[in-house]
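Q: Take this structure first; my questions come after.
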Amino acid sequence: MEIEHVIHDHRLSVIENWTTGGSCPACGDLLRRPPIYGCNRCKFFLHKSCLDRLKPEVQSFFHPCPLVLSDNCYHEKCYVCFGQIYSNYHYQCKLWCYFSMHVACAQKPMVEYSDEEHTVQHFTHFHPLKPVVDSTLQKHEVVCAICEKLCSSSSSTYGCTECKFFLHKSCMTSIPRQLINHLIHRCTLLFLTTPWSRCCDKCGEDIISRIEFSCQSCFIHLHVKCALLPTVDSEDAKEFQHFSHPHPLALIENHKDFNNEPRCVACVETCLAPTPTFRCSRRSCNHFFLHKSCALKLPYLPAHIVEPPSHPQHSLTITSLPYNDEIRTCGACNRGFDSCLIAYSCQEDRCGFNLHLDCSKLDPSFFLHGHNHFLTLFEKVADMTCHFCGANCCNFILRCVRCDINIHIQCLPSAPKTINHKAHLHPLQLTQSPLEDELYSEEEAYNSEDDFYCDVCEQKRNKRELIYFCAECKFIAEAKCVISA
């Protein structure tokens, strides 16, 4: 009889009169007694009992997704018992959760509730959990791995003393296996046991309990406590976790506790009673106040804005800026940020690019001949100069944030594509700075510390600003030097 099995590409048949010897690749024991299945072409043989045990797909108590048999181990660790996987086969998540486990762990019989010993097999831990005696609670500081609060009585605490893993009974019975459409992360967050030490992507602290809520495809990992905090849309929530801030926010019970009038980090309006307002109680950011209404209105950011038009080289995430950390300006309008104002920020080290929420909503929509990017209309900006007329820009400016080009809206329609000027014999064409003619490449020019000059005023010029150019003579003139007032 021949059978097909996921562990081998060819059909496997019963091997009669086995005398060859060797070891079984599944269990590692010697192949001594039949029945034995194998592929003579590949010299692949194993016990029938092992073949029956290696089911192509199983459902484990410890993982909500189906698991499939795999022989691509690469020295994985088991997500259940946390031991190294040395065998040729293991089970891994069918849905790409990167969850893997020993074959034996996947087939481990579960301990059910017992009236005599009150033993519980819970999906949060590999070993059975038993009620914790009062003496243990009195001698040691026992903390629940889910809510991270102290456990006080044996009747409400279960644990594994071998692993120092403890749970409140209430936490143990109420924790979900998955979180759908969560405010922190819109992908489904699965509860996982994990052998790896990670940092929580919300609060930034280490996840030491080896349990987490995770979106493995997005590489998002959260403390169970952070993931289970009430969301802002809960009517009676007095504490919740908002995606814009790394720490939990608490409802202000008495506005009279604050001598100065705090301002909301989203709308910058004063936080006054009876408007529901939340604040961060951490000393490092105790100036963070957020209206409940603003928290609900804030644009949700699933993970990243991928290549925003104003900052394509890196992705941006929505976050709260540190209070009085440094003077920060918006990369689009060049205006400053108020204390702890929420912004879209670049997470790359030493980049320092930030965007006002309002500026992030503006779409580049104005076309400028000779320029590769569309321009964005800004109503208010700070400390900018029009590259056509040279005058200061305060209101209604067309701006290419990527190239740091600014143009008065009234200058754009009047900008000629070709111009004659007394400083040069030939007509000059409006174009982007032809840096490839000055150096070997545009990238080299932008990264170079060399200065670039205008051939009319002989002063330094911005590498990225529009110019009038004579290709025949390589003559370069700033727009403001050749366009009359």
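Q: Could you report segment 239-300's accessible area per residue, 1.4 Å probe, as an integer in Å²?
A: Counting only protein heavy atoms, the per-residue value for segment 239-300 is 54 Å².
Q: Keeping the other protein chains in place, figure out the carbon and sulfur percent of the accessible area of segment 364-411, with a 1.4 Å probe.
A: Accessible surface attributable to carbon and sulfur in segment 364-411 totals 52 percent.
Q: Another one. Which order do ARG461, ARG263, ARG210 take when ranked by solvent-accessible area (1.4 Å probe, heavy atoms of all protein chains), largest first?
A: ARG263, ARG210, ARG461
Q: Among VAL103, VAL68, what's the order by accessible area (1.4 angstrom probe), most exposed first?
A: VAL68, VAL103
Q: Something else: For VAL6, VAL120, what's the largest-to-smallest order of accessible area, 1.4 Å probe?
A: Of VAL6, VAL120, the descending order of accessible area is VAL6, VAL120.
Q: Which log10 I(q)/I(0) values, to two decimals, does segment 2-52 give at q = 0.23, 0.24 Å⁻¹ under the Debye formula with one point per Cα?
A: Cα-only, vacuum Debye calculation for segment 2-52: -0.80, -0.87.
Q: What does the charge count around TRP18 come to, taking other residues whose C-beta lies under 15 Å from its C-beta (Lys +1, Arg +1, Asp -1, Glu -1)?
A: Value of the local net charge: +2.
Q: I need to check one value: relative contact order of segment 153-290, counting alpha carbon pairs closer than 8 Å and at least 6 residues apart, in percent.
A: 13 percent.
Q: Pull up all non-local amide H partners of ARG263: gap of 5 or more, or a different chain, and H-to-H distance under 5 Å with H placed in the peptide plane.
A: CYS271
Q: What percentage of the solvent-accessible surface of segment 2-52, computed with a 1.4 Å probe over protein heavy atoms, is contributed by carbon and sulfur atoms?
A: Looking at segment 2-52 in its full context, I get 44 percent from C and S.
Q: Just how much of LYS55 is accessible, in Å², when a 1.4 Å probe is used and the result is rounded to the nearest 10?
A: Approximately 110 Å² of LYS55 is accessible to the 1.4 Å probe.
Q: Please compute the net charge surrounding ALA145, taking Lys and Arg as +1 and Asp and Glu as -1 over other residues with Cβ under 12 Å from its Cβ.
A: Net charge in that neighbourhood comes out at +2.
Q: Ignoring ligands and nucleic acids, what accessible area does HIS63 show with a 1.4 Å probe (Å², nearest 10)?
A: 0 Å²
Q: Step through the table entries LYS238/LYS297; LYS55/LYS94; LYS48/LYS108; LYS417/LYS463; LYS139/LYS169; LYS149/LYS297, compare each Cα-Cα distance with 22 Å, and write down the pairs that go over it.
A: In this structure, LYS149/LYS297 exceed 22 Å between Cα atoms.
Q: Right, another one. Express in Å², to the nearest 10, the accessible area of LEU179 obtained by rolling a 1.4 Å probe over the protein heavy atoms while all chains stay in place.
A: 20 Å²
Q: How big, on average over all directions, is the shadow cast by the Cα convex hull of segment 239-300, in nm²?
A: Taking the Cα atoms of segment 239-300, their convex hull projects to 4.0 nm² on average.
The values are calculated or read from the model by the stated rules, or taken from the named source; none is laboratory data. None of the values given here were measured: they were computed from a predicted structure. When we count neighbours, we look across all protein chains shown, and the Cβ atoms used for this are built from the backbone with ideal geometry, even at glycine. Heavy atoms of the whole protein, side chains included, go into the accessibility calculation; ligands, DNA and RNA do not. Shrake-Rupley method; radii C 1.70, N 1.55, O 1.52, S 1.80 Å.
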